[in-house]
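Enquirer: Before anything else, here's the structure in question.
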Amino acid sequence: MAELVLPHAVLAALWLPVPSYSRGDGVAGAALSAVTGGQPHLVQYPHGSTRELRRVAPELVGRTLTDVGAVLPAPGHVTGVPGVALVDAVDAGQCLLVATPEGSWAAVPVEEQFGSELEPGTLVRWALHPFPFAERPVSTLLGQAGSLAEARRELTTALVQAADALAELDLASWRPDAAREAAAVLHEDVSSDVLPPGLSAPRVDILTRAARLLALVQLALVDDGGAVVAQQGAERRRLLGDLEHTARRALAAASVSTRR
């Protein structure tokens with residue numbers, strides 16, 4: 001059964017502003033567990049040094065921030081991505097933006113596969129990019145994702161379109177397991193284990209519905225589904241691409257926190 005998965009950058013954006021006292025000394029550990037899912041994560045600094053994220057997390061969670069959020073770009077959709085991290089962010093499909101009183105930076109989580117086919121593993125390397133003087137402010141970049149109200153309206157329409165698109169693919173006749181999975185996705189929730197304490201209900205709702213939409217689009221684009229989509233023409237491919245973009249924009253909007 002498909003699980004609703006949130007991108008690393010979104011999870012990091014949700015957890016970074018959590019005050020350290022909200023779970024006592026365990027908040028950094030809870031954040032680390034949520035963001036990494038047990039995978040090894042490294043932080044790659046601009047000067048070339050590397051540290052394990054588990055050793056850096058206590059220094060980051062609860063730190064004074066002015067703005068934090070994720071942007072989830074794709075080729076042709078790079079709104080909100082800082083120039084300093086543009087290539088890395090588009091390749092990774094995600095980027096964490098953080099503004100502090102001392103300066104701003106972008107962090108791009110790049111996944112690297114290791115191990116064998118029988119025992120695969122994933123290493124995530126967070127590449128840090130300090131903002132140069134001429135870069136647009138983090139608040140400006142994050143503001144381009146839109147508001148929660150806009151995300152909610154777009155998702156309401158997009159989820160109906162996604163369900164219709166899957167119905168037209170007639171998954172039940174040629175891939176019944178995918179049809180059952182699509183039906184289940186519409187009732188799945190993001191695990192509470194990966195969400196920080198005190199997250200508002202509207203943000204949880206947007207995160208959940210956007211993750212559902214992404215999962216539905218991915219079901220329509222699996223190998224067999226991709227072949228059917230190609231046969232049915234460019235219009236279907238365009239629709240699925242637009243639905244994915246809507247989901248990614250909504251996730252970005254729900255990840256933003258500001259302190260003014």
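Enquirer: Here is a check on your reading of the model: is Ala89 at pLDDT 95 or above and open to solvent by less than 20 Å² (accessible area, probe 1.4 Å)?
Expert: So Ala89 passes the test.
Enquirer: Any idea how many residues of the range 97-149 are of a type in the set (Ser, Thr, Tyr) and touching a Phe, Trp or Tyr at 6+ places or on another chain (Cβ under 6 Å)?
Expert: Here the count works out to 1.
Enquirer: Kindly provide the set of residues from the range 167-203 that are in a helix (DSSP H, G or I), modelled with pLDDT of 70 or more and buried (at least 16 other Cβ atoms within 10 Å of the Cβ), ordered by number.
Expert: The answer is Glu181, Ala182, Val185, Val194, Arg203.
Enquirer: Test of understanding: among Ala74, Ala106, which residue is surrounded by 16 or more Cβ atoms within 10 Å (Cβ to Cβ) and closer than 30 Å to Asp242 by Cβ?
Expert: Only one candidate passes the filter, namely Ala106.
Enquirer: Residues of the range 57-77 being within 19 Å of Val124 (Cβ to Cβ) and at pLDDT below 90, which ones?
Expert: The answer is Ala57, Pro58, Glu59, Leu60, Val61.
Enquirer: Please determine whether any residue of the range 94-110 is assigned to a loop (DSSP other than H, G, I, E, B), within 20 Å of the chain's Cα centre (by Cα) and either modelled with pLDDT under 90 or within 20 Å of Val10 (Cβ to Cβ) (or both).
Expert: Yes: the range 94-110 contains one or more residues that are assigned to a loop (DSSP other than H, G, I, E, B), within 20 Å of the chain's Cα centre (by Cα) and either modelled with pLDDT under 90 or within 20 Å of Val10 (Cβ to Cβ) (or both).
Enquirer: Restricting to the range 148-161, name every residue that is over 20 Å from Glu244 (Cβ atoms) and touching a residue at least 12 places away in the same chain (Cβ under 8 Å).
Expert: Those that are over 20 Å from Glu244 (Cβ atoms) and touching a residue at least 12 places away in the same chain (Cβ under 8 Å): none in the range 148-161.
Enquirer: Output the residues belonging to the range 53-93 that are part of a loop (DSSP other than H, G, I, E, B), among the hydrophobic types (A, V, I, L, M, F, W, C) and touching a residue at least 60 places away in the same chain (Cβ under 8 Å).
Expert: Leu65, Leu72, Val81
Enquirer: Can you tell me which residues in the range 103-130 are in contact (Cβ under 8 Å) with a residue 40 or more places away in the chain and within 16 Å of His47 (Cβ to Cβ)?
Expert: The answer is Ala107, Arg125, Trp126, Ala127, Leu128, His129, Pro130.
Enquirer: Testing Val43 on (1) at pLDDT 90 or above; (2) surrounded by fewer than 14 Cβ atoms within 10 Å (Cβ to Cβ); (3) under 28 Å from His245 (Cα atoms), one condition comes back false. Which one is that?
Expert: Val43 satisfies every listed condition except (2).
The values are calculated or read from the model by the stated rules, or taken from the named source; none is laboratory data. Since the structure is predicted, the reported quantities are computational estimates derived from the model, not experimental observations. In this analysis, Cβ positions are derived from the backbone assuming ideal geometry, glycine residues included, and neighbour counts consider all displayed protein chains. Note: accessible area is taken over every heavy atom of the protein model, side chains too, but ligands, DNA and RNA are not part of it. Shrake-Rupley method; radii C 1.70, N 1.55, O 1.52, S 1.80 Å.
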